[in-house]
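Structure record follows, encoded as structure tokens.
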Amino acid sequence: MNSFLVGLQFLTRIHIVRQTAWTAEDFGRSTRFFPLVGLVLGSCYALAACVLTYIVGTAFGMRTLNAVLLLILPILLTGGLHADGFMDTADGVFSGRERERKLEIMKDSRVGSFGVVSFVLLMFLQFALLLDMHPFLLLPALFVMPIIGRFAMVLAVARFPYARADGMGKTFADMADRKTVAIAAVTTAVLVLPCGLLASVALVLGVLFAFLFCRTMTKTLGGVTGDVYGAVTVLTETLVLAVFSLASTHPNVWGLFWGILWR
């Protein structure tokens with residue numbers, strides 16, 4: 001229970017029990033509970049979607065405002081932690097410098113132009129996906145999105161080498177093992193698969209994307225970092241939204257996909 005609370009407090013602004021003294025072992029053990037942290041976030045997102053869609057989207061007919069509020073909520077509940085990692089990763093990767101210089105840029109607390117532009121474009125994309133999504137799909141999409149996103153982070157932590165000799169992210173990487181991945185995978189499957197075909201498709205595509213993205217980052221940076229953990233999380237979440245949004249506008253796509261899959 002303590003390890004879960006450590007993960008919840010580190011990855012979100014939800015502090016059930018105030019903890020100030022964390023050990024490396026506490027951090028390492030919390031990794032396996034990241035999908036449960038996603039469950040807490042997903043429950044909050046889904047509840048907010050239910051209330052906001054009914055009041056703002058339906059009663060007042062303000063679908064655009066509804067999408068904006070749902071876009072802001074994850075940043076508020078996570079404190080922008082993963083968004084910061086995404087921006088730092090963009091600054092380093094798109095700098096065009098050598099590996100060591102890229103890592104130095106990513107470690108800089110200041111955000112550069114590549115990071116700002118990339119994040120703005122990502123927000124525009126997520127906004128469009130939320131706005132185009134059918135209201136009935138908003139709840140399941142926002143529920144599974146953070147669960148799949150945190151499982152992608154577990155895969156990045158446990159299955160790819162850490163690029164630096166030290167750092168907070170290395171604490172997670174050093175203590176993550178096959179048992180960590182197995183526990184996180186079972187937890188994610190139990191939470192996501194009962195949510196239906198779209199959620200299952202999103203999970204499969206999310207896992208594939210996480211592996212491809214982290215493999216690319218490993219070739220570019222010589223491994224992954226804490227910033228890459230954040231980047232793979234928000235990008236995987238965006239992919240989940242894309243799956244549900246595409247199904248809203250092109251429902252026959254998934255019937256075709258299902259037929260090909262089982263032919």
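The values are calculated or read from the model by the stated rules, or taken from the named source; none is laboratory data. Since the model is a prediction, treat every value here as computed from it, not as a measurement. Methodologically, a virtual Cβ is constructed for each residue, glycine included, from the backbone with ideal geometry; neighbour enumeration extends over all protein chains shown. Ligands, DNA and RNA are excluded from the accessible area calculation, which covers all protein heavy atoms including side chains. Shrake-Rupley method; radii C 1.70, N 1.55, O 1.52, S 1.80 Å.
The table below gives the values:
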{"read-out": "On Cα atoms only, tilt of 2-11 relative to the major axis of the chain in degrees", "value": "80 degrees"}
{"read-out": "Nearest 10 degrees, 0 to 90: helix 197-221 Cα axis against the chain principal axis", "value": "30 degrees"}
{"read-out": "Acute angle (nearest 10 degrees) that the helix 63-78 long axis makes with the longest principal axis of the chain, alpha-carbon atoms", "value": "30 degrees"}
{"read-out": "Fully extended contour minus Cα-Cα distance, from residue 110 to residue 62, at 0.36 nm per residue", "value": "13.7 nm"}
{"read-out": "Heavy-atom accessible surface of the chain: percent carbon and sulfur, 1.4 Å", "value": "67 percent"}
{"read-out": "Residue-normalised accessible area of the chain, expressed per residue, 1.4 Å probe, Å²", "value": "48 Å²"}
{"read-out": "For residue 224, residues with placed amide H under 5 Å, excluding near neighbours", "value": "162, 163"}
{"read-out": "Region 1-94: C-alpha gyration tensor shape, a/c 1.5 cut-off, then a/b vs b/c", "value": "oblate"}
{"read-out": "Added length on full extension, which subtracts the Cα-Cα distance from 0.36 nm per residue, residue 208 to residue 174", "value": "9.9 nm"}
{"read-out": "Burial ranking of peptide ranges 74-81, 197-204 (average Cβ count within 10 Å, highest at the top)", "value": "197-204, 74-81"}
{"read-out": "Spread of Cα-to-Cα distances over 5 Å intervals beginning at zero, given as percent, for region 121-223", "value": "2, 11, 19, 20, 18, 14, 10, 5, 1, 0"}
{"read-out": "Gain upon complete extension [residue 134, residue 99; 0.36 nm per residue less C-alpha separation]", "value": "8.3 nm"}
{"read-out": "For region 31-47, Karplus couplings with θ = phi - 60° (6.51, -1.76, 1.60), whole Hz, Gly/Pro x", "value": "4, 5, 9, 4, x, 5, 4, x, 4, 4, 5, x, 5, 5, 5, 5, 5"}
{"read-out": "Estimated [θ] at 222 nm from DSSP helical runs (n ≥ 4, -39500 (n - 2.57)) normalised by residues in the chain, nearest 500", "value": "-25000 deg cm²/dmol"}
{"read-out": "In sequence order, calculated HN-Hα J values of region 157-165 (Karplus, 6.51, -1.76, 1.60; Hz; x Gly/Pro)", "value": "5, 8, 10, 10, x, 7, 7, 10, 6"}
{"read-out": "Rg in Å to one decimal, and Dmax rounded to a whole Å, for the chain via C-alpha atoms", "value": "18.2, 55"}
{"read-out": "Mean separation of Cα contacts under 8 Å, 6 or more apart, over the residue count of the chain: relative contact order %", "value": "26 percent"}
{"read-out": "Under the Karplus curve 6.51 cos²θ - 1.76 cosθ + 1.60, θ = phi - 60°, whole-Hz ³J(HN,Hα) for region 230-244, x wherever Gly or Pro sits", "value": "x, 5, 5, 5, 5, 6, 5, 4, 5, 4, 4, 4, 5, 4, 6"}
{"read-out": "Directionally averaged shadow of region 46-126, computed from the convex hull of its alpha-carbon atoms, nm²", "value": "5.9 nm²"}
{"read-out": "For region 125-175, diffusion coefficient by Stokes-Einstein and Kirkwood Rh (Cα), 4 °C, 1.567 mPa s, µm²/s", "value": "98 µm²/s"}
